[in-house]
Amino acid sequence: MHEPAIPVASDPQTAPAVEAAGIHKRFGSTRALRGVDLSLQHGRCLGLVGRNGAGKSTLVSILSGIYPPDAGEVRLDGQPAPSLGDIAAWRARIATVFQHSMVVPSLTVAENVFLGRQPRRGPGLVDWRRMREQTRQVMADWGFDVNADTACGNLTVEQRQVVEITRALAAGTRCLLLDEPTAALERGAARRLFNRIRQLQAQGVAILYISHHLEEVFEICTNVAVLRDGELVLTAPLAEVTKDDLVTAMVGEKGINAERPGVTAPAPGGPAGARDGHRGQGGRVLSVEGVTFASPGVFLGNVSLTIRGGERVGVTGLRGSGASTLARIVAGAVAPDAGQVRLGDRVLRPGDRAGALRAGIGYIPEDRQAEGFVPLLSAAENISMTIVDRIARGGLIGPRRREVRAAPLARRLSLVSAGLGQPVRELSGGNQQKVTVARALASDPVLIVAITPTRGVDVASKELLLSELDRITTETGASLLLASDELDDLVVCDRVVVLVRGEIFTEFTEPPFDREALIAAAEGLGAT
């Protein structure tokens, strides 16, 4: 059950904190926004959802003073928005907290909170004491607890987020745009963020909450707005809509699967193969034997795991549990301190990603920006990167040959682009992830290692990617190791292993998996 919405604090202001009236925006031939009307009241939390490319980022950029609209008007507290050059006026009215931290790691918390507007005690002299005292006071006023003198480079992701929110509040902002705020947070930190949002909301702060996770929207927001193809297609109190209503609004009346003939999303109870009892009956494909690893914030202690032919195994736990590190070790992206990984009868060389690829391991990394693709290369070049040795002729590969091999995967994953020759850096985040997945599948792997494969993509693309992993493993008999702290990803798995502080805590072997039991196990609260 969702927690009941808190009472909205009374506020003397009747004008919306932020209002978009008839906003249009075009980039070249692309119409990013088409006549968007949106308003957010003080003391409310409005969820903004939509598929990748729907216009969310463009709208946020316009509401925060980064882009000017081509037509229409932005009003803040009932007044026309300041000119784009008046940064201080924007900061005092509205602020955006992005999913990627914008703090300066080498500066202290206080220095980041007052960055660009330090209190002075004379010409050219910063009043450091007053800056620290004011930071502590703002933290105390809003119920935050981060040391003002700590260097931000030493903070957790959650604490850096608190610093960014504090910076906005210290500038007088009473309207926050939170862009995918839980993307880098483990579950406990996300729960604390939700509590902070409720506190801010109770004190009259207006919050626009942008997320791909509809469950979060239902939990924390009071109202919801849906963008599709640059148009606002739905606004409603959340009490009046269902998750299915939102999905339908996001993808259109046809529904998700009707747009993709031949692709069926995994059933709520898990993939068909998991239910019929025939999956995972082949020989042992993967053996992880006594793997140990230690680095700041991550520990694995003597972990052993096996996966049989065609079996799909999920590994989950809180951030820092070691789940993603275990997957990276199997993929050859990280070398363990001890233990070994076998693919069939072959012992893989530790930390040898190229060797793991040659052995038959496809890899979908957690951080697509760092490991998933080469941004300046085309979609076709990225997708075919893992099969260069198969398609080269005389050491050369023509663009046509690349596109012929990349096109079927691009079609299967519904890649949206101006063509396979378009640089990947120009694609939306969801389509960049599709390129990353296609690259992993192009080599026809024996084992697919995927780490949070749906992170940062919309709900329709999420179902599509999971459906493709379901389909490819069913049709080819490939095995899957899927490490994710997003429970929806685990629907394609036949069993799920839960890690707590680097050790296997328990295992779920009978899909459908109970969500509450999975969450409890990840917290180390009880074994099944």
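Quick notes on this one:
- The numbered conditions (1) more than 26 Å from the chain's Cα centre (by Cα); (2) farther than 24 Å from Gln41 by Cβ; (3) surrounded by fewer than 19 Cβ atoms within 10 Å (Cβ to Cβ) are all true for Ala110 except (3).
- For segment 6-38, taking the residues that are within 19 Å of Gly204 (Cα to Cα) and touching a strand residue (DSSP E or B) at 6+ places or on another chain (Cβ under 9 Å), the one that is modelled with the lowest pLDDT is identified as Ala15.
- Within segment 352-368, restricting attention to residues that are more than 14 Å from Thr454 (Cα to Cα) and out of contact with any helix residue (DSSP H, G or I) (no Cβ under 8 Å at 6 or more places or on another chain), the residue that is surrounded by the most Cβ atoms within 10 Å (Cβ to Cβ) is Ala359.
- Contacts under 8 angstrom Cβ, first residue in segment 76-92 being at positive phi, partner outside any loop (DSSP other than H, G, I, E, B) and buried (at least 18 other Cβ atoms within 10 Å of the Cβ), 6 or more apart: Asp77/Arg93; Gly78/Glu19
- When we screen Val404, Val437, Val424 for residues that are surrounded by fewer than 22 Cβ atoms within 10 Å (Cβ to Cβ) and either closer than 29 Å to Ser29 by Cα or in contact with a helix residue (DSSP H, G or I) (Cβ under 6 Å, 6 or more places away or on another chain) (or both), the only hit is Val404.
- Annotation: Gln137 fulfils all but one of (1) more than 30 Å from Gly456 (Cβ to Cβ); (2) among the polar types (S, T, N, Q); (3) outside any helix (DSSP H, G or I); the unmet one is (3).
- Across segment 362-380, not a single residue is classified as of a type outside the set (A, V, I, L, M), over 23 Å from Ser484 (Cα atoms) and over 25 Å from the mean Cα position of the chain (by Cα).
- Elements of type helices (runs of 4 or more DSSP H) in segment 310-417, at least 1 residues being touching a Lys or Arg at 6+ places or on another chain (Cβ under 9 Å) and over 30 Å from Asp514 (Cβ atoms): 353-359, 379-383, 388-391, 399-412
- Within segment 220-240, residues that are over 24 Å from Arg191 (Cα atoms) and assigned to a loop (DSSP other than H, G, I, E, B) reach partners that are modelled with pLDDT of 95 or more and among the β-branched types (Val, Ile, Thr) with beta carbons closer than 8 Å, at six or more positions or on different chains, in the pairs Gly230/Val36.
- First in segment 438-463 and more than 23 Å from Leu420 (Cα to Cα), second anywhere and part of a helix (DSSP H, G or I), Cβ under 6 Å, 6 or more apart: Val449/Ala327; Val449/Val330; Val449/Ala331; Ile451/Ser324; Ile451/Ala327; Val459/Val247
- Yes/no for Glu516 being part of a helix (DSSP H, G or I), surrounded by 21 or more Cβ atoms within 10 Å (Cβ to Cβ), within 24 Å of the chain's Cα centre (by Cα) and outside the structural domain of Ala379 (by TED's automatic domain parsing): no
- Set Thr452, Thr474: member being surrounded by fewer than 24 Cβ atoms within 10 Å (Cβ to Cβ) and touching a helix residue (DSSP H, G or I) at 6+ places or on another chain (Cβ under 6 Å): Thr474
- In this entry, Ala522 passes the filter for residues that are touching an Asp or Glu at 6+ places or on another chain (Cβ under 8 Å), more than 30 Å from Ala54 (Cα to Cα) and at pLDDT below 90.
- Filter result (part of a strand (DSSP E or B) and of a type in the set (A, V, I, L, M, F, W, C)) within segment 67-90: Ala71, Val74, Leu76
- Flag for Leu169 being closer than 19 Å to Asn112 by Cα and in a strand (DSSP E or B): no
- Those residues of segment 199-219 which are closer than 18 Å to Asp179 by Cβ and either surrounded by fewer than 22 Cβ atoms within 10 Å (Cβ to Cβ) or out of contact with any Cys (no Cβ under 6 Å at 6 or more places or on another chain) (or both), in sequence order: Leu200, Val205, Leu208, Ile210, Ser211, His212, His213, Leu214, Glu215, Glu216, Val217, Glu219
- When segment 136-151 is filtered for residues that are farther than 15 Å from Asn195 by Cα, without any contact (Cβ under 8 Å) to a residue 40 or more places away in the chain and within 27 Å of the chain's Cα centre (by Cα), only Val146 remains.
- If the condition is being part of a loop (DSSP other than H, G, I, E, B) and either charged (D, E, K, R) or surrounded by fewer than 19 Cβ atoms within 10 Å (Cβ to Cβ) (or both), then segment 114-134 contributes Leu115, Gly116, Arg117, Gln118, Pro119, Pro123, Gly124, Asp127.
- Residue under evaluation Gly332, criteria (1) more than 24 Å from the chain's Cα centre (by Cα); (2) at positive phi, criterion not met: (1)
- Any hit, segment 326-344, residues being surrounded by fewer than 19 Cβ atoms within 10 Å (Cβ to Cβ), without any contact (Cβ under 8 Å) to a residue 24 or more places away in the chain and closer than 24 Å to Val388 by Cβ: no
Residue by residue, here is whether (1) touching a Gly at 6+ places or on another chain (Cβ under 8 Å); (2) of a type in the set (Gly, Ala, Ser); (3) outside any strand (DSSP E or B); (4) within 22 Å of Ala418 (Cβ to Cβ) holds:
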site: Pro16; (1), (2), (3), (4): yes, no, yes, no
site: Leu33; (1), (2), (3), (4): yes, no, no, yes
site: His42; (1), (2), (3), (4): yes, no, yes, no
site: Leu48; (1), (2), (3), (4): no, no, no, no
site: Asn52; (1), (2), (3), (4): yes, no, yes, yes
site: Gly65; (1), (2), (3), (4): no, yes, yes, no
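- From the options Gly230, Gly270, Gly252, residue that is on the phi > 0 side of the Ramachandran plot and modelled with pLDDT of 85 or more: Gly230
The values are calculated or read from the model by the stated rules, or taken from the named source; none is laboratory data. Quick caveat, the model's predicted, so the values are computed rather than measured. Quick reminder, even Gly has a Cβ in these numbers, built from the backbone with ideal geometry, and neighbours come from all protein chains shown.
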